1. Skipping prolines and chain starts, which residues have an amide H placed within reach, meaning under 5 Å, of the one on ILE69, given they are 5 or more residues away or on another chain?
2. Put a dot 7 Å past each Cα toward the Cβ at GLN107 and ASN163; how far apart are the dots in nm?
3. What order, most packed first, do the peptides 136-143, 15-22 have when packing is the mean number of other Cβ atoms within 10 Å of each residue?
4. Ranked highest first by average number of other Cβ atoms within 10 Å, how do 164-173, 67-76 line up?
5. Between LYS165 and residues 5 or more places away or on another chain, which pairs have amide H atoms under 5 Å apart, with H built 1.01 Å from N, and which residues are they?
6. I need PHE64, PHE160 ordered by Cβ neighbour count within 10 Å, fewest first.
Amino acid sequence: MDYFDNVVLENAGDYSYQRVDNFLPKEIFKDIQSLLLNGDQNQIMPWYYRQGMADFEDTEGFLFGNDIINRGVIPDNNLFLDIATPIISRLPMRQLIRMKVNCHPRQTLRGSPNYPPCRFHTDMKEEHTVAILSINTCNGYTEFEDGTQLESIENSLVIFNGNIKHRSMGQTDSNIRVNININFQQ
């Protein structure tokens, strides 16, 4: 995973990951961020309610999301072109398996520490790599089983082995946490 020049490699044994700050060029990132957070005159991001955070049985919290591509199915060509194309052109992948956008609403009172975490999970059974692109900065994060926290910093991409169990931890300082989850094979 030494594909990027501006990468920070965190070596935590089995829980190693890479962080790429300023992953997308600023103008491209701002266009994607604007679409996902505000919509624009041409398109408003459609958000779909998802009862479970990690899977349908994980009902401690909820989120809104949208699949950009899932195993070759592209529900909306415009979203694929606007969101997926600039991202996948910068990743060292052999095959894109899934890309989805997650919108985690704040589910506690501001400053309360009791946000419902989702359960630890892997995104899929087969070998894959996970990349998470943060759209906004907030105190929510992705957590590994060993307690490693991957911060949500806008336009930063974290990459890790898809076999590592992880979970989403919600934010208390912002109404929403938005990220793009990418599953691919290198």
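1. MET99
2. Output for this residue pair reads 3.0 nm.
3. 136-143, 15-22
4. 164-173, 67-76
5. It is GLU145, by chain and number.
6. So the residues, fewest neighbours to most, are PHE64, PHE160.
Values quoted throughout were computed directly from the atomic coordinates according to the rules given, and no laboratory measurement underlies them. Given the structure is predicted, the values throughout are model-derived calculations rather than measurements. Cβ atoms come from the backbone with ideal geometry, glycine included; neighbour counts cover every protein chain shown.
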